[in-house]
Amino acid sequence: MSQVTIIGGGVAGLCVAQTLLSRGAEVTIYDGGGAPGPHACSWWAGGMLAPFCEGESAEEPVIRLGQEAVKWWDKHTGAVTRKGSLVLSPTRDEADLRRFARRTTEHRELDADTIATLEPDLAGRFTKGLFFETEAHLNPRAALSTLRKELMLSGALFVSKNAEPKTFAEMGLTIDCRGYAAKEHLTDLRGVKGEMLVLSCPEVKLNRPIRLLHPRMPVYIVPRGDGVFMLGATQIEATASKKVTARSMLELLSTAYALNPAFGEAEILETGVDNRPAFPDNLPRIRRNGNLICANGLFRHGFLLAPALARMVAEVIFDDATPEVMDEPAA
């Protein structure tokens, strides 16, 4: 039985731990932050399992590998909501909707009546849309907490940072899943700043994630239940500060208002900022140097690609395979 140490308890680390555990490994997870919380990048994720929507701007592997996500998360957390994704644009910006349609697949076009049937609170506001019926979403915070509990029940050991060995060499076979914190070993890793808001707006009910193609800032809004929504997200080529900028907050809220003016009365429950770890082509990487395996670069596709990344890490360890995302360390 393989003994494996995992550094990092975010979405990548927990998915790798679950996959290795299911293949018979003894797993220890070192995570200085403890239980999932605001310290983790994945805490601020939208939780959209939407590979076909991502095809509008992402590379082909994101679409293909992302299709593993719904089944994986449903199996291990039971927290998946399968109601599809809805993409909309204001009437004056329907050229953006047509462009989105050309760049994606697995959708059908909607008229105003069909939009109103799917989302009654958007009735009369949009004349055309795209519906990606096979896509899904989950609550990232609930999913992370459930996955961590299941790992503990299955025998995984969680250890605080205070007990962490000083060097990777002392740990034996080690998987580094620390995201941007691993930049010391991954010189071509960069941080992409993302900002998002958690809103309370009981006056609005949405049944599924909505992507609004607004000219100032395309955004997504994801229902969390009980009138709570995740609104995001900026994508700025800069290392994240700890606070949302005034400009970003204004643009996010203005776009939410364009979706439904009732969001103008929403309460801002939380603001969040994260550093999404990304390589130059925004695709994940697996890199091995002896007993150290780095699994990183999920960019803004954490929950979508973490199951496939975890599967490929397991294939490296148990099958001596060379997955498609495995490469040599940067010089």
Residue separation between E267 and S22 times 0.36 nm, minus their alpha-carbon distance, gives in nm 84.0 nm
Counting residues in region 130-259 as N, plug N into 2.2 N^0.38 Å and put the Cα Rg over that result.
1.37
Please compute the alpha carbon radius of gyration of region 27-126, then divide it by the globular-protein estimate 2.2 N^0.38 Å. Two decimals is fine.
1.37
Under unit Cβ charges (Lys, Arg +1; Asp, Glu -1), what dipole magnitude, rounded to 20 debye, does region 117-271 have relative to its Cα centre?
220 debye
Distance cut-off 20 Å, percentage of C-alpha pairs in region 74-192 lying past it:
66 percent
Would you mind telling me which residue in I63, I236, I115 has the biggest mean-square fluctuation in a Gaussian network model of the chain, where springs connect alpha carbons within a distance under 10 angstrom?
I236
Of all alpha-carbon pairs in region 181-255, indicate the percentage at a distance above 18 angstrom.
48 percent
Dipole of the chain, positive end: most advanced residue of F263, G179, S85 [Cβ charges, Cα centre]:
F263
What whole number of Å gives the distance from the Cα centroid of region 22-47 to the Cα centroid of region 179-230?
19 Å
Given charges at beta-carbon only (K, R positive; D, E negative), |dipole| of region 289-331 in Debye
280 debye
Pop out the Kirkwood hydrodynamic radius of region 86-156 from its pairwise C-alpha distances, inverse of mean 1/r, in Å to one decimal.
14.5 Å
Please list, or write none, the lysines whose alpha carbon is within less than 30 Å of the alpha carbon of K83, excluding same-chain residues fewer than 8 places away.
K71, K75, K128, K149, K193, K205
Between 0 and 90°, nearest 10: helix 94-103 axis offset from the chain longest Cα axis:
40 degrees
Angle, helix 140-153 long axis vs. longest principal axis of the chain, Cα atoms, 0 to 90°, nearest 10?
30 degrees
Between region 278-313 and region 123-139, how many Å separate their Cα centres?
29 Å
Charge dipole of region 24-73 built from unit charges on the beta carbon (Lys, Arg +1; Asp, Glu -1), centred at mean Cα; most positive-end Cα among A25, A50, A35 is A35
What's the magnitude of the charge dipole for the chain around its Cα centre, counting Lys and Arg as +1 and Asp and Glu as -1 at the beta-carbon? Answer in Debye, nearest 20.
360 debye
Tilt of helix 11-22 relative to the longest C-alpha principal axis of the chain, in degrees (0 to 90, nearest 10)?
50 degrees
From the Cα trace of region 202-319, what convex hull volume per residue do you get, rounded to a whole Å³?
150 Å³
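How much of the pair distance distribution for the chain lies past 39 Å, counting alpha-carbon pairs only, in percent?
The calculated P(r) of the chain puts 13 percent of pairs beyond 39 Å.
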Choice from N289, N260, N275 with maximal GNM fluctuation in the chain (Cα, 10 Å cutoff):
N289
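Readers should treat all values here as calculations from the given coordinates under stated rules, not as data from a laboratory. Since we're looking at a predicted model, the values are computed, not measured. Counting neighbours? That spans all protein chains shown, and the Cβs are built from the backbone with ideal geometry, glycine included.
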